[in-house]
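S.K.: Handing you a structure now.
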Amino acid sequence: MVKKLVAGNWKMHGVSSDVAEIRAIAEGSRQYPSVDVALCLPSILIHRAVEAVPGFAIGGQDVHHAEKGAHTGCTSAQMLEDSGARLTIVGHSERRDAQRESDDEVRAKAEAALGIGLDVILCCGESLDVREGGTAVETVLTQLEGSLPPALAGGAELAIAYEPIWAIGTGKIPSIAEIAEMHAAIRGKLQERFGAAGIQLRILYGGSVKASNAAEIFRIENVDGALVGGASLKAADFLPIVAAAGL
Ligand code: 13P
């Protein structure tokens, strides 16, 4: 069985006074060595967090695809790595929407991050219209077709996060059968792209994961962890989700 990964996405939350909470999460996570735990933080907080919790996996939430250059306000993979990050999210729907990131751009970001040795959590997911229109699986597979890197880089790990847009921050989640269907389809796509290696890649579920629904979600086949937004901000909310992944 694949070791589960529970990653928190702090989005645009977190200032220096929140390092105490990061420390509480890192220390609490040590009780669950059978689970990989990570926090993806605002880039400006990464270095401070890495110094506060050495050994704990801290990541970014986005990365620019270029190595360096005239890209005002952007962060390169090397910068993330240099700040002590071990991983990064790419292609979150909030960026695909607000920053109009295309599949091509997401793929380039994933390649840049993997190329420098950062693990990548690549997000995909459908809108409510698409879900209600009955084409969620095709839509997500098309998104992955365009966003997945052509090959896996040496040491760095690629994970996929399936995050239905309508489940993010809403308290709604798909049915067990819908999650199972989507994760199985994603697994198929990973095997098609990467062969046998695609069996090992972790597929996370994200969208309104909480202590109250985590155990049920983690029991679904091909669910290898979670990407958690709101419930990752406080150790008291996040650690029970980590505990559920260790069951
Ligand atoms: P919530 O857990 O707040 O629904 O957010 C999910 C998410 O977008 C994680 O990347």
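The values are calculated or read from the model by the stated rules, or taken from the named source; none is laboratory data. Treat the numbers as computed from the prediction; the structure is a model and nothing was measured. Neighbour counts run over all protein chains shown; Cβ positions are idealised from the backbone, glycine included.
S.K.: Which members of region 17-60 meet the condition of being touching a residue at least 24 places away in the same chain (Cβ under 8 Å) and β-branched (Val, Ile, Thr)?
M.R.: Val19, Ile22, Ile25, Val35, Val37, Ile46, Val50, Val53, Ile58
S.K.: Further question on the same structure: Before we move on, is Gly84 part of a helix (DSSP H, G or I), more than 16 Å from the ligand (Cβ to nearest atom) and touching a residue at least 12 places away in the same chain (Cβ under 8 Å)? Let's see the steps before the verdict.
M.R.: Details: part of a helix (DSSP H, G or I): no; more than 16 Å from the ligand (Cβ to nearest atom): yes; touching a residue at least 12 places away in the same chain (Cβ under 8 Å): yes.
No; evaluated as a whole, the condition is false for this residue.
S.K.: Only residues that are under 26 Å from Arg95 (Cβ atoms) and outside any strand (DSSP E or B): list them for region 27-45, please.
M.R.: Keep residues of region 27-45 that are under 26 Å from Arg95 (Cβ atoms), which gives 36-45.
Scanning region 27-45 gives Leu41, Pro42, Ser43, Ile44, Leu45.
S.K.: Still on this model: I'd like the full set of residues that are surrounded by fewer than 22 Cβ atoms within 10 Å (Cβ to Cβ) and either over 22 Å from Leu122 (Cα atoms) or of a type in the set (D, E, K, R) (or both), limited to region 1-13.
M.R.: Lys3, Lys11
S.K.: Let me ask something else. Would you mind stating whether Leu122 is out of contact with any Phe, Trp or Tyr (no Cβ under 6 Å at 6 or more places or on another chain) and part of a helix (DSSP H, G or I)? Quick ask: steps written out before the conclusion?
M.R.: Details: out of contact with any Phe, Trp or Tyr (no Cβ under 6 Å at 6 or more places or on another chain): yes; part of a helix (DSSP H, G or I): no.
Taking the combined requirement at face value, the residue does not satisfy it.
S.K.: Exactly one condition in (1) touching a residue at least 12 places away in the same chain (Cβ under 8 Å); (2) under 23 Å from Ile58 (Cα atoms); (3) out of contact with any Leu (no Cβ under 8 Å at 6 or more places or on another chain); (4) assigned to a loop (DSSP other than H, G, I, E, B) is false for Cys74; which is it?
M.R.: The failed condition is (1).
S.K.: Which of the residues belonging to region 142-166 are within 17 Å of Asn222 (Cα to Cα) and either within 14 Å of the ligand (Cβ to nearest atom) or surrounded by fewer than 17 Cβ atoms within 10 Å (Cβ to Cβ) (or both)?
M.R.: Ala159, Ile160, Ala161, Tyr162, Glu163, Pro164
S.K.: All but one of (1) surrounded by 19 or more Cβ atoms within 10 Å (Cβ to Cβ); (2) within 16 Å of the ligand (Cβ to nearest atom); (3) of a type outside the set (Gly, Ala, Ser) hold for Lys210; state the number of the condition that does not hold.
M.R.: Of everything listed in (1) surrounded by 19 or more Cβ atoms within 10 Å (Cβ to Cβ); (2) within 16 Å of the ligand (Cβ to nearest atom); (3) of a type outside the set (Gly, Ala, Ser), Lys210 misses just condition (1).
S.K.: Do you know which residues across region 87-105 are among the polar types (S, T, N, Q) and either part of a helix (DSSP H, G or I) or under 23 Å from Phe56 (Cα atoms) (or both)? So that I can check it myself, show each step before the final result.
M.R.: Narrowing region 87-105 to residues among the polar types (S, T, N, Q): 88, 93, 99, 102.
Answer for region 87-105, where residues must be among the polar types (S, T, N, Q) and either part of a helix (DSSP H, G or I) or under 23 Å from Phe56 (Cα atoms) (or both): Thr88, Ser93.
S.K.: Follow-up. Please go through region 125-151 and pick out each residue that is part of a loop (DSSP other than H, G, I, E, B) and of a type in the set (Ser, Thr, Tyr).
M.R.: Here is the first cut: in region 125-151, the ones part of a loop (DSSP other than H, G, I, E, B) are 125-127, 134-135, 148-151.
Correct list: Ser127, Thr135.
S.K.: Answer yes or no as to whether Gln99 is at negative phi and either within 16 Å of the ligand (Cβ to nearest atom) or at pLDDT below 95 (or both). Before you say what the answer is, go through the steps one by one.
M.R.: Values: at negative phi: yes; either within 16 Å of the ligand (Cβ to nearest atom) or at pLDDT below 95 (or both): yes.
Answer is yes for this residue.
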